[in-house]
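As structure tokens, the structure follows; a few thoughts come after it.
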Amino acid sequence: MSSNSAAVHEAGFTSGGSLGLVIRRLRTQRNLSLQRLAELSDVSVGMLSHIERDLTSPSLRTLTKIRLALKVPISALFENAGEPDGVDFVRRADGRPILDLGPQLLVKQLLSPANARSLQFMMLIIPPGGGSGTAPIGYPSEKGGLVIEGRITLHVGANSVILSEGDSFQFDGATPHHFVNEGAETAKVLWMIVQLGLERHL
């Protein structure tokens with residue numbers, strides 16, 4: 001196991017499922033061929049095939065393009081986790097769905113309960129060298145967060161800022177943005193998104 005991967009799993013997170021299988025299931029449920037999904041998402045057939053077979057981990061930008069083409073919220077990509085006590089406005093600590101994008105990117109732990117609508121929030125576990133990918137993301141939304149541990153570099157438009165433990169931020173999600181952990185320690189960030197429009201966003 002690489003040092004980056006170890007840093008993620010030392011933080012107490014495991015994938016518990018296959019992102020590729022989830023995407024394949026969502027695609028086939030919609031009677032979409034790989035070619036058609038490629039056309040809708042602007043992601044190549046080859047890349048989609050590799051993602052569905054778990055041969056590669058998609059960047060957040062690629063994952064966003066795929067899920068928007070499938071017309072599903074980010075929560076649909078997480079492993080299933082029921083509400084053990086039947087309360088849909090609470091997310092128990094031991095029932096958080098997890099999406100592991102691999103040691104070169106990050107792990108997302110969904111904190112929003114099952115009844116989440118406009119507001120979604122999650123914990124991002126970002127290993128050294130990990131992040132959202134080098135390609136900026138931007139779509140209608142409001143985003144913000146709080147650095148719980150470690151340090152990240154956040155790029156929003158033409159601005160770049162280093163954020164450390166205790167620093168908070170908020171910005172227009174339509175502005176192209178990305179982030180990276182350039183430090184030597186795993187970073188933990190509470191990440192929040194408010195949807196603007198009908199779609200739930202990443």
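The values are calculated or read from the model by the stated rules, or taken from the named source; none is laboratory data. Treat the numbers as computed from the prediction; the structure is a model and nothing was measured. A quick note on method: Cβ atoms are made from the backbone with ideal geometry, for glycine too, and the neighbour counts reach across all protein chains shown.
Condition test on Gln109, is it in a strand (DSSP E or B), at pLDDT 95 or above and not assigned by TED's automatic domain parsing to the domain that holds Val72? It would help to see each step written out before you state the result.
Values: in a strand (DSSP E or B): yes; at pLDDT 95 or above: no; not assigned by TED's automatic domain parsing to the domain that holds Val72: yes.
No: the conditions fail for Gln109.
Kindly provide the set of residues from the range 130-148 that are at pLDDT 90 or above and touching a helix residue (DSSP H, G or I) at 6+ places or on another chain (Cβ under 7 Å), ordered by number.
So the first thing to find is which residues in the range 130-148 are at pLDDT 90 or above, and the list is 130-132, 136, 142-148.
Passing the criteria: Gly130, Ser132.
Only one residue in Gly166, Gly173 is exposed (fewer than 14 other Cβ atoms within 10 Å of the Cβ), outside the structural domain of Leu63 (by TED's automatic domain parsing) and out of contact with any helix residue (DSSP H, G or I) (no Cβ under 8 Å at 6 or more places or on another chain), so which one is that? Quick ask: steps written out before the conclusion?
Working: Gly173 fails: exposed (fewer than 14 other Cβ atoms within 10 Å of the Cβ).
When all the criteria are applied, what remains is Gly166.
Mind listing just one residue for me: the one in the range 69-86 that is crowded, with 17+ Cβ neighbours inside 10 Å and modelled with pLDDT of 85 or more and, of those, nearest to Ala116 (Cα to Cα)?
So, considering only residues that are crowded, with 17+ Cβ neighbours inside 10 Å and modelled with pLDDT of 85 or more, the one nearest to Ala116 (Cα to Cα) is Leu70.
For the range 187-198, check the following and say yes or no: at least one residue is at positive phi and at pLDDT below 95. Outline the logic, then answer.
Within the range 187-198, the first condition is being at positive phi, and the residues that meet it are 197.
From the residues that got through so far, the ones that are at pLDDT below 95 too are 197.
Yes, the conditions are met somewhere in the range 187-198.
What do you reckon, is Ser57 assigned to a loop (DSSP other than H, G, I, E, B) and either among the aromatic types (Phe, Trp, Tyr) or farther than 15 Å from Ile193 by Cβ (or both)?
So Ser57 passes the test.
For the range 139-167, which residues satisfy the criterion of being closer than 14 Å to Phe121 by Cα and among the small types (Gly, Ala, Ser)?
Passing the criteria: Ser141, Gly144, Gly145.
Hey, can you tell me all the residues within the range 83-106 that are assigned to a strand (DSSP E or B) and aliphatic (A, V, I, L, M)? Show your work before the answer.
Applying the first criterion (assigned to a strand (DSSP E or B)) to the range 83-106 yields 98-100.
If the condition is that a residue be assigned to a strand (DSSP E or B) and aliphatic (A, V, I, L, M), then Ile98, Leu99 are the ones that fit.
Within the group Phe89, Phe121, which residue is surrounded by fewer than 15 Cβ atoms within 10 Å (Cβ to Cβ) and either touching a helix residue (DSSP H, G or I) at 6+ places or on another chain (Cβ under 6 Å) or of a type in the set (Phe, Trp, Tyr) (or both)?
The unique qualifying residue is Phe89.
Select from the range 44-60 the residues that are modelled with pLDDT under 95, crowded, with 19+ Cβ neighbours inside 10 Å and hydrophobic (A, V, I, L, M, F, W, C) and write down the one among them that is farthest from Pro73 (Cα to Cα).
Result: Ile51.
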